[in-house]
Each structure stands twice: as structure tokens, then as C-alpha cells.
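These notes are about the structure you will find just below.
The values are calculated or read from the model by the stated rules, or taken from the named source; none is laboratory data. All values reported here derive from a predicted model rather than from experimental measurement. Using ideal geometry, Cβ is built from the backbone for each residue, glycine included, and neighbour counts are taken over all protein chains shown.
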Amino acid sequence: MRTLEEQLRFLKRRAVDIIPERDLVKKLERSQRTGRPLRVKLGVDPTSPDIHIGIGIVLQKLRDFQELGHTAVLIVGDFTARIGDPSERASQRKMLSKDEVTANMKAYKEQALKILDPERTEFRYNSEWLETMDFAKLLELASKYTVAAMLERDDFAARFREGNPISIVEFLYPLAQGYDSIAIEADVELGGTDQRFNLLVGRALQERYGQEPQVCFLMPLLEGLDGAKKMSKSHGNYVGITEPPNEMFGKLMSIPDALLEKYVQLLTDLDWEELKQLHPKEQKEKMAHAVVARYHSKEAADRALEEFERVFARKERPADVPKLSLDKKLLKPDGTVWIVDLVSLVAKSRSEAKRLIEQGAVELDGVKITQFDTHVRVRDGMLVRVGKHTFAEISLTE
RNA sequence: GCCGGGGUACCGAAGCGGCCAAACGGGACGGACUGUAAAUCCGUUGGCCUAUGCGCCUACGGGGGUUCAAAUCCCUCCCCCGGCACCA
């Protein structure tokens, strides 16, 4: 058994803020004494079934709690998702059906359990208590919080000041999320730093409902691959934890250098002080390797590294190239094919295919083609390259 | 309810009868450069047609109309935003 001090140090790794730390100490101590595990809550959004490595950081922390014997409670925000998050603006306000939520969650669970210990994980849906909440109960909940307190949230305050609209539903959101903590009697709630306000509301509400307030445990947000916005699927700057090794590796290599230290610190156990002595490219490769190793395996990471070197550094042919089936009917009697016909098999449109050819993006067996008005003789197994990242191997079909 | 502003391509935003597939910026994509990237530079960015042509089709919230000609004018509907009014 680890000492309290060791546990605390273990849990504090990578945490940005723990509000308040003394409560965490108190809870850990009591748990150890009574043998009752802490209930550690994490709210998950069921609108997208993909877990990216940014969320992976938070899940790892949950895992840390589990290793100390505590219980992870994943709350699926199915009810709140069906209303649609008002902060995401009208275009995003898609209502999810029950079926969609179920399907998303199935995928989500599978991925989350790559990190979490299934023995110590509870999945709960917040529709369980929110859907059946009647108006009287809602009024009770609403009475526990004030407008002034709501306006402490920065973006509310700013919008209010500037006369921009804030819908009532937006006020209800933190309340609903906070109520989740009451429903499952959370001891600790994890979240990204963007969740600070919401987690604090949960803490306050629990107290007003006569519960012991939760500890708010804030984890850093991972910036996306572009280094500008936070990692998220909607920004297209993310790495999913189930992505194939090569893809994961490649994406991680594409981050700007300025982001490297953060990635190393948040995603790997590498020693940054030591690492930064190396050539920048090597630093990045080590980081990418470590991440791939974590979500796949050491062997997969080795292969991904080797593959990356081969394709991008030495500009050689990748090990695995998808087959591109080419119908023999497209061939002219003399066995050639019009280059535009060929490229449009991998391009969005024929116009795009033509553009790519003229821009010198197309290579056949290493030979660059820049005239769209050409016919080429193809053979089975010929390597087609379009741009930096698209490779295909022709296979002729009847 | 009233008054005013607005809805343009992936996003932001100009255009306000023909020269508009629509300036400009961002993004994305391609090329050069590199350390793989970033930065920088150059180019592309609705679709179709063997194809750089004063080519064809579709497109400026939906529908209808005026006109030789509409993103641009008129009617109508929908949606968004702001102000006023209302406020037990």
C-alpha cells in the first residue's frame, strides 16, 4: 500500500488544478481507512464516438485513480445531447436519437476500455435522472443557484456585457451537469480546464443538496495538431486513439515544433530535459513513437517509425499500399489509359484530377506526369502517387 | 407586436442590373524549400466536357415575378441579429 503522500503525488501528475487539494487528501485518507473507494466522475459527450489522445490524458488520470482502487463513473450526457449544446451555435444543434447515442456509446466504451479498467468502471446515462425530472424538481434545482453566480463564468459575463444573447438553456446546462454529480454522489469530478466553471457548479450544488462536495480535478487541454485550437474532431486537428499506427505517427510528426514540449509532457513519460538535446526531428520521432507505443504496441511503433522514415525521409515506396482496382474497360485497345481517368479514381472530381496533374502532384512508378493530355501504359502493381500522402497500387480487374 | 439590420462558396467577408463561378482574408489542397513540420514563396480551390474554350450545367436563404440580361430590382415566405414595447 502506498502512503498517502505517494498517492497524492501520483495523482497530481499532469493535473493543472485540484480544487481544493485538502479535500482530496481528506477523501483519500478516509477511503483508505474505511476501504470505501472514491467515486470519480467524468462526463462524456455522446455526440462523437471517437476518443482522441487529448481526452486520453483525462482517461489516463481516471485510470490512475482506478489503480489506487477507486471507481470511475463515466456519465454519458445522452439527455443533454438530445437538447443540443447551445454554445455550439445553430448549425451544430443536431438532435441525437436514442439509437445514435447507443451506437456512439458502444464505440466509445470499447475505446475507453483500452485505457480504463473495466472492473472498476461504471457507465451511467444522465437521462436516467434528468428525463424523469419534473418541473417542480427543476425549480428546486434552479433555486439553488443565482444569476450573479452564473455570470461569473467568463463567456457569460462577456456576452452579457456586450449585450449578446444568452439563452436560459445555457444557464440550465451547468445545473444539469452539476445535478449529475448529485445523482451519482461523486467524490471527485475530472475535466479539462475548460470545465472549471461547470465542475465548480456541481461542487456548490452538492453542498446545497446536503452532500459532501466533490473535488474538482482539472486536467490540461491538449492543443490540436495545428497548435492553434484545442484538439477536437470538429476542428479536424485530432488524433484518435484507435487510429492505425502509421496514421497516428504521421499526424504526430506534423505538429509544429513549438508544440513538441507540451506533447511530450502530456502524452509521454519521456524526459524532456534529456530529449531536447537531440535533433528536433529525432525529438519528434521519439514522441510519436512513445504515443503509438502507448495506444498500440512497441512493435507497432517501431514499424511506424521505420515506415515514416522510408516514405517521407527517403521518399521510398510505403510498405503497405492500398489496391486501386482499375477496370480493364477503361483501357484503350492499345492497353493505355487516359491519365485523367486514372487519377480521378482517387481524386474528388475529374476537374480536381486534372488540376492535380497540372500541378505536378502525380507520379506513376516514380515518374512525374504533368500533362493531362497523356495516355499511359499501366500494368498490374503499378504505383500511383498523388500528392504527398496518397499512394495506390493498380490492380487490373475485368 | 412594432422598427431597423442581415442571410453570398468550407469559414469570414465584398459585390447591389451585364465585364460574376463571384474581390479580399482564413482554411484546405498541390509545388518549391526543409528536418517531416512550421515559416516563406508560387499555384489551385463548384461540377462537367480529351478541356485554358469569350464551352455547357448548377450556385449568392426558399418560392414567384420584372428584364434581352438578376447575387444585384419587385412580391412573398422562412430564418438570424439588434432596438423598442410588454414584464405576473
**Asked** Any idea which of (1) part of a helix (DSSP H, G or I); (2) more than 8 Å from RNA strand B (Cβ to nearest atom); (3) touching a helix residue (DSSP H, G or I) at 6+ places or on another chain (Cβ under 6 Å); (4) not β-branched (Val, Ile, Thr) is the one A:ALA353 doesn't satisfy?
**Response** (2)
**Prompt:** Would a scan of region A:380-392 turn up a residue that is among the aliphatic types (A, V, I, L, M), over 30 Å from A:LYS286 (Cβ atoms) and more than 36 Å from the chain's Cα centre (by Cα)?
**Reply:** yes
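This table checks each residue for (1) surrounded by 15 or more Cβ atoms within 10 Å (Cβ to Cβ); (2) part of a loop (DSSP other than H, G, I, E, B); (3) in contact with a Cys (Cβ under 6 Å, 6 or more places away or on another chain); (4) of a type in the set (S, T, N, Q).
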{"site": "A:ALA103", "(1), (2), (3), (4)": "no, no, no, no"}
{"site": "A:LYS106", "(1), (2), (3), (4)": "no, no, no, no"}
{"site": "A:ARG124", "(1), (2), (3), (4)": "yes, no, no, no"}
{"site": "A:TRP129", "(1), (2), (3), (4)": "yes, no, no, no"}
{"site": "A:LEU141", "(1), (2), (3), (4)": "yes, no, no, no"}
{"site": "A:GLY178", "(1), (2), (3), (4)": "yes, no, no, no"}
{"site": "A:ASN198", "(1), (2), (3), (4)": "yes, no, no, yes"}
**Asked** So which residues in region A:334-350 are within 6 Å of RNA strand B (Cβ to nearest atom) and of a type in the set (Gly, Ala, Ser)?
**Response** A:SER349
**Request:** Just need a number here: residues in region A:356-379 that are assigned to a helix (DSSP H, G or I) and within 36 Å of the chain's Cα centre (by Cα).
**Result:** 2
**A:GLU309 being of a type outside the set (Ser, Thr, Tyr), over 29 Å from A:ILE51 (Cα atoms), at pLDDT 80 or above and surrounded by fewer than 17 Cβ atoms within 10 Å (Cβ to Cβ)** = no
**Prompt:** Within region A:34-80, can you find the residues that are over 20 Å from A:GLU6 (Cα atoms) and in a loop (DSSP other than H, G, I, E, B)?
**Reply:** A:ASP45, A:PRO46, A:THR47, A:SER48, A:PRO49, A:ASP50, A:ILE51, A:GLY77
**Message:** Can you say whether A:LEU305 is away from RNA strand B (no atom under 11 Å from the Cβ) and not acidic (Asp, Glu), as far as the supplied structure shows?
**Reply:** yes
**Asked** If you check A:TYR263 against the conditions, is it among the hydroxyl-bearing types (Ser, Thr, Tyr), assigned by TED's automatic domain parsing to the domain that holds A:GLU299 and either in contact with a Pro (Cβ under 6 Å, 6 or more places away or on another chain) or not in a strand (DSSP E or B) (or both)?
**Response** yes
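Conditions tested, residue by residue: (1) within 12 Å of RNA strand B (Cβ to nearest atom); (2) at negative phi; (3) touching a residue at least 40 places away in the same chain (Cβ under 8 Å); (4) not aliphatic (A, V, I, L, M).
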{"position": "A:VAL239", "(1), (2), (3), (4)": "no, yes, yes, no"}
{"position": "A:GLU247", "(1), (2), (3), (4)": "no, yes, no, yes"}
{"position": "A:GLY250", "(1), (2), (3), (4)": "yes, yes, yes, yes"}
{"position": "A:MET253", "(1), (2), (3), (4)": "yes, yes, yes, no"}
{"position": "A:PRO256", "(1), (2), (3), (4)": "yes, yes, no, yes"}
{"position": "A:TYR263", "(1), (2), (3), (4)": "yes, yes, yes, yes"}
{"position": "A:ASP271", "(1), (2), (3), (4)": "no, yes, no, yes"}
{"position": "A:PRO280", "(1), (2), (3), (4)": "yes, yes, no, yes"}
{"position": "A:GLN283", "(1), (2), (3), (4)": "yes, yes, no, yes"}
